[in-house]
Amino acid sequence: MNRLQNNDIVLFQGDSITDAGRDRANPNDLGKGYPLMTAGLVGQAYPELDVKFLNRGISGNRVVDLRKRWQEDCLDLKPTWVSVYIGINDCWRRYDSEDPTSVEDFKAGYRELLKRTKEHLDAKLILMEPFVLPVPEDRKAWREDLDPKIHAVRELAAEFGALLVPLDGLFNAAASRREPAYWAPDGVHPSPAGHALIAKAWMETMGLKG
C-alpha cells in the first residue's frame, strides 16, 4: 500500500547519516545519502505524485540537539511526513567523550519531539532504528549502550503509531552477505551500498515500489 499522497512534504531529520554532506545554504539540497536516493526512487516510480523532500539532518546531532531546533527545522516547515533517524551519537559520545546519554533521557527527549509534532502538525511519523556494525572491533562494546536505545525507538513507534524501519537487524543481516565494512566502513556511517539499503528499507516500510 502506497502511503504517499500527492503534494506530501517528507522531512528527513537526524544526524550525519541523514545530513550526508548536504549544502546547508540551500534549503532544498538533500545531501549525497539515503534522502537523495529515496527522493530519486520515489520520483522515478511515482512521477504522477508531486512529493517534496526536505533534509534537515545535522552531523553530530543527538536528541538534545533536535529538541533545540525542532521548531525551526521541523514544525515551521509543516511536513506531512516526519522521518526521524537519531540515536547513534547518543551512544557514541559515551565512548569518545565520556558524555553519555541515559536511555531514560534519550527516550524522554525523543518522546517530547514526537509529542510536539503530533500536537502542532497533522503529520505521520516514520522512525528509523540506529544501528552499529562490529568494525572496528571496539564497536562491539557499544551494544550495551545502543541496544536499549533501539528498544526505546521501537517502543516509541508503537506508542505514537509510527512506522518503524528496522535498520539494526537489516544491517546486521546484510553483514552476513558481505563484511561489515562494505556496508559501513566505520561501523556507523554507511557506504553508498549502505545508504541504498536504508533507502530501500524506507521505501518498503512506506509500501512503495522502487
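Across the range 133-148, coupling constants 3J(HN,Hα) worked out from phi with the 6.51/-1.76/1.60 Karplus curve, θ = phi - 60°, read 10, x, 8, x, 4, 5, 5, 4, 5, 5, 4, 4, 8, 6, 4, x Hz, and Gly and Pro carry x. Which percent of the accessible heavy-atom area of the range 61-210 goes to carbon and sulfur, probe 1.4 angstrom? Carbon-and-sulfur percentage of accessible area, whole number: 51. Computed per residue of the chain from DSSP H runs no shorter than four, each worth -39500 (n - 2.57), the mean residue ellipticity at 222 nm is -14000 deg cm²/dmol. Positive end of the dipole of the chain, charges at C-beta (+1 Lys, Arg; -1 Asp, Glu), about the Cα centre: which of GLN5, ALA199, SER59 has its Cα farthest in that direction? Of the candidates, GLN5 comes out farthest on the positive side. Projecting label points 7 angstrom from Cα along Cα→Cβ for LYS118 and ARG24 puts them 3.1 nm apart. Springs between alpha-carbon pairs under 10 angstrom, Gaussian network model over the chain: which of LYS107, LYS115, LYS200 fluctuates most? Largest GNM mean-square fluctuation: LYS115. FRET efficiency for the pair SER191 and LEU49, taken as 1/(1 + (r/R0)^6) with r the Cβ-Cβ distance and R0 = 35 Å, rounds to 0.75. Of all lysines in the structure, those lying under 24 Å Cα to Cα from LYS200, and not within fewer than 8 positions of it along the same chain, are LYS32, LYS52, LYS124, LYS149, LYS209.
Work through the residues other than GLN5 whose Cβ is under 14 Å from its Cβ and net out their charges, Lys, Arg +1 and Asp, Glu -1.
My count for the surroundings of GLN5 gives -1.
The mean accessible area for residues of the range 1-157, using a 1.4 Å probe and ignoring ligands and nucleic acids, is 44 Å² per residue.
Residue-wise HN-Hα couplings along the range 63-77, as the Karplus relation 6.51 cos²θ - 1.76 cosθ + 1.60 with θ = phi - 60° gives them from phi, are 4, 4, 6, 4, 4, 5, 10, 5, 4, 6, 9, 9, 4, 5, 7 Hz; Gly and Pro carry x.
The values are calculated or read from the model by the stated rules, or taken from the named source; none is laboratory data. The shown structure was predicted, so the numbers you read here are calculated from the model rather than taken from an experiment. Glycine gets a Cβ as well: all are built from the backbone with ideal geometry, and neighbour counts include every protein chain shown. When the accessible area is computed, the model is the full protein with side chains, heavy atoms only, and any ligands, DNA or RNA have been set aside. Shrake-Rupley method; radii C 1.70, N 1.55, O 1.52, S 1.80 Å.
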